[in-house]
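Undergrad: Submitted below is the structure of interest, expressed as structure tokens.
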Amino acid sequence: MKFLVFIEQREGKIRKASLEALSLARRLSGGPVAAVLPGKGVTPLAKDLGKYGAATVYVADRDDLALYSNKGYVGALDLATQKESPDAVLIAATAMGKDLAPRFAARHDVSALADVMDLRVEGDRLVAWRPVYSGKARAEVDCGSAKLQIATTRPNVFPAEALEGSEPRVEALDLGDIAPRAKVIKVETSESKELDVAEADIIVSGGRGIKGPENWPVIRDLQQALGAALGASRAVVDAGWIDHQHQVGQTGKVVSPTLYVACGISGAIQHLAGMGTSKVIVAINKDPEAPIFKVATYGVVGDLFQILPEFAKAVREAKKE
Ligand SMILES: Cc1cc2nc3c(=O)[nH]c(=O)nc-3n(C[C@H](O)[C@H](O)[C@H](O)COP(=O)(O)OP(=O)(O)OC[C@H]3O[C@@H](n4cnc5c(N)ncnc54)[C@H](O)[C@@H]3O)c2cc1C
């Protein structure tokens, strides 16, 4: 099967989620794949994609693609699709990928497998499984006999593997006049230099069990010891104890870190929808019946105010060894 992968970059840095999709395409195709990279000043980034399996990189490097434009970026993906004639297109299920994939699929009159967590090739079709009902069940899905098979891949689920590889062939795309009907004028990033939970490999999250915002230092201590990002339940975000950018769950961010530590979080279904696919889940809760223990790999029943300082101390000591 011949693959084309959409590559997302932010401020001149290729997103890890796109490298994961590219590595996955290489594994599934068993051969070289093509990639498409839109943006401004992105041409020098193309050569790095060789290590992840790209034999050809179609680059749309233009001033008017500096900021995300649905029409412009889909246009680049479309033109690369015309040139490459792939059987399948993979796009990382980031905020951008989730915006772009439906339009691209609609243009080709096919459906897309959204936010998949497992993907395989069966004959001439992609078969995937994806979480449904807020992660309570898994659905196996495929694109039927669609002429173009499209899937968006959940970040942090598939490994990004850099191997020895030759530099890809780079081809510039001529998109002509894009004339977008909607334009992103400005992107304001938050002042904080905190690790984004959506990209972090380790997350330590706090819920209502922390009692009040004055107690974040207890969570922060373990977070810093582990070099983790700080997550939160919606209850504490709604209470104004922390900014929404930290919220994990159905109406927050969907995460799949290697390690998720839930502190004083009950494990409501809407929270599990955002973190239930983490590889290892450690839950600290004083209620042995808390639903979080149903998904936890390791559960500690007890008072987080006693456990977390000991936990952080043990991590620091283990790191010294
Ligand atoms: C449409 C919709 C969307 C939603 N989206 C989200 C979402 O995206 N993310 C999300 O998180 N929620 C979401 N919610 C809210 C969700 O249903 C829960 O209300 C919320 O997750 C509860 O947060 P919590 O676990 O911090 O608080 P609680 O449910 O109050 O749990 C606090 C936990 O802390 C434990 N605890 C208390 N003191 C201690 C202590 N000293 N030591 C250890 N443990 C202690 C308690 O035993 C309890 O289990 C959504 C709800 C709706 C209706």
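Undergrad: For the range 267-310, which positions are open to solvent by 70 Å² or more (accessible area, probe 1.4 Å) and more than 16 Å from Lys211 (Cβ to Cβ)?
TA: Of everything in the range 267-310, those that are open to solvent by 70 Å² or more (accessible area, probe 1.4 Å) and more than 16 Å from Lys211 (Cβ to Cβ) turn out to be Gln270, Lys279, Pro288, Glu289, Lys294, Thr297, Tyr298, Val301, Glu310.
Undergrad: Also: Among the residues of the range 163-170, are any closer than 24 Å to Ala105 by Cβ and surrounded by 10 or more Cβ atoms within 10 Å (Cβ to Cβ)? Break it down stepwise before answering.
TA: Quick first cut of the range 163-170, residues closer than 24 Å to Ala105 by Cβ only: none.
The answer is no, given that none of the residues of the range 163-170 is closer than 24 Å to Ala105 by Cβ and surrounded by 10 or more Cβ atoms within 10 Å (Cβ to Cβ).
Undergrad: Separate question: Mind checking which residues of the range 311-321 are away from the ligand (no atom under 13 Å from the Cβ) and surrounded by 13 or more Cβ atoms within 10 Å (Cβ to Cβ)? Show your work before the answer.
TA: Taking the range 311-321 first, the residues away from the ligand (no atom under 13 Å from the Cβ) are 312-321.
Hits for the range 311-321 are Ala312, Lys313, Val315, Arg316.
Undergrad: Next question, about the same structure. Exactly one of (1) away from the ligand (no atom under 16 Å from the Cβ); (2) crowded, with 17+ Cβ neighbours inside 10 Å; (3) more than 20 Å from the chain's Cα centre (by Cα) is unmet by Lys186. Its number?
TA: (2)
Undergrad: Let me ask something additional. For Gly209, state whether it is free of Cβ contacts under 8 Å to residues at least 60 places away in the same chain and within 12 Å of the ligand (Cβ to nearest atom).
TA: Values: free of Cβ contacts under 8 Å to residues at least 60 places away in the same chain: no; within 12 Å of the ligand (Cβ to nearest atom): yes.
No, not satisfied.
Undergrad: Which of the residues that make up the range 241-274 are of a type in the set (Gly, Ala, Ser) and either within 6 Å of the ligand (Cβ to nearest atom) or under 16 Å from Pro217 (Cα atoms) (or both)? Walk me through it before giving the result.
TA: So the first thing to find is which residues in the range 241-274 are of a type in the set (Gly, Ala, Ser), and the list is 249, 252, 256, 262, 264, 266-268, 273-274.
Scanning the range 241-274 gives Gly249, Gly252, Ala262, Gly264, Ser266, Ala268, Gly274.
Undergrad: Can you tell which of Ala88, Ala114, Ala60, Ala80 is of a type in the set (Gly, Ala, Ser) and under 19 Å from the mean Cα position of the chain (by Cα)?
TA: Details: Ala88 fails: under 19 Å from the mean Cα position of the chain (by Cα); Ala60 fails: under 19 Å from the mean Cα position of the chain (by Cα); Ala80 fails: under 19 Å from the mean Cα position of the chain (by Cα).
So the residue among Ala88, Ala114, Ala60, Ala80 that is of a type in the set (Gly, Ala, Ser) and under 19 Å from the mean Cα position of the chain (by Cα) is Ala114.
Undergrad: Does Glu194 satisfy the criteria of being under 26 Å from Glu317 (Cβ atoms), modelled with pLDDT under 95, in a loop (DSSP other than H, G, I, E, B) and more than 9 Å from the ligand (Cβ to nearest atom)? Full working, then the answer.
TA: On the way: under 26 Å from Glu317 (Cβ atoms): yes; modelled with pLDDT under 95: yes; in a loop (DSSP other than H, G, I, E, B): yes; more than 9 Å from the ligand (Cβ to nearest atom): yes.
Spelling it out, Glu194 is indeed under 26 Å from Glu317 (Cβ atoms), modelled with pLDDT under 95, in a loop (DSSP other than H, G, I, E, B) and more than 9 Å from the ligand (Cβ to nearest atom).
Undergrad: Tally the residues that are in contact (Cβ under 8 Å) with a residue 24 or more places away in the chain and open to solvent by 10 Å² or more (accessible area, probe 1.4 Å), restricting the search to the range 54-64. Reasoning before the result, please.
TA: Of all residues in the range 54-64, those in contact (Cβ under 8 Å) with a residue 24 or more places away in the chain come to 54-62, 64.
Add one more test, that the residue is open to solvent by 10 Å² or more (accessible area, probe 1.4 Å), and what stays is 55-56, 61-62, 64.
Looking only at that region, the number is 5.
Undergrad: Hand me the list of strands (runs of 3 or more DSSP E) wholly inside the range 259-310 holding 2 or more residues that are more than 16 Å from Val248 (Cα to Cα).
TA: On the way: elements: 259-263, 280-285, 298-301.
Those strands (runs of 3 or more DSSP E) span 280-285, 298-301.
Undergrad: Out of Leu67, Leu49, Leu24, Leu90, which single residue is surrounded by 21 or more Cβ atoms within 10 Å (Cβ to Cβ) and more than 19 Å from Arg154 (Cα to Cα)? Full working, then the answer.
TA: Numbers: Leu67 fails: surrounded by 21 or more Cβ atoms within 10 Å (Cβ to Cβ); Leu24 fails: more than 19 Å from Arg154 (Cα to Cα); Leu90 fails: more than 19 Å from Arg154 (Cα to Cα).
Criteria check complete, one pass: Leu49.
Undergrad: Just wondering, is there one or more residues in the range 4-14 that are without any contact (Cβ under 8 Å) to a residue 40 or more places away in the chain, of a type in the set (Gly, Ala, Ser) and within 20 Å of Thr81 (Cα to Cα)?
TA: Step one: of the range 4-14, the residues without any contact (Cβ under 8 Å) to a residue 40 or more places away in the chain are 9-14.
Narrowing the set further to residues that are of a type in the set (Gly, Ala, Ser) leaves 12.
Imposing the further condition that a residue be within 20 Å of Thr81 (Cα to Cα) reduces the set to none.
No, the range 4-14 contains no residue that is without any contact (Cβ under 8 Å) to a residue 40 or more places away in the chain, of a type in the set (Gly, Ala, Ser) and within 20 Å of Thr81 (Cα to Cα).
Undergrad: Further, regarding this structure: Considering only the range 222-258, how many residues are open to solvent by 50 Å² or more (accessible area, probe 1.4 Å) and either within 20 Å of Ala137 (Cβ to Cβ) or in a helix (DSSP H, G or I) (or both)?
TA: Number satisfying all stated conditions: 8.
Undergrad: So, one more: Consider Gln82 against the criteria (1) among the polar types (S, T, N, Q); (2) on the phi > 0 side of the Ramachandran plot; (3) open to solvent by 30 Å² or more (accessible area, probe 1.4 Å): it satisfies all of them except one. Which criterion is unmet?
TA: (2)
The values are calculated or read from the model by the stated rules, or taken from the named source; none is laboratory data. In this text the structure is predicted, and so the values were computed from the model without any measurement. Cβ coordinates were reconstructed from backbone atoms using ideal geometry, including for glycine residues, and neighbour counts include every protein chain displayed. Please note that ligands, DNA and RNA were not included when accessible areas were found on the heavy atoms of the full protein model with its side chains. Shrake-Rupley method; radii C 1.70, N 1.55, O 1.52, S 1.80 Å.
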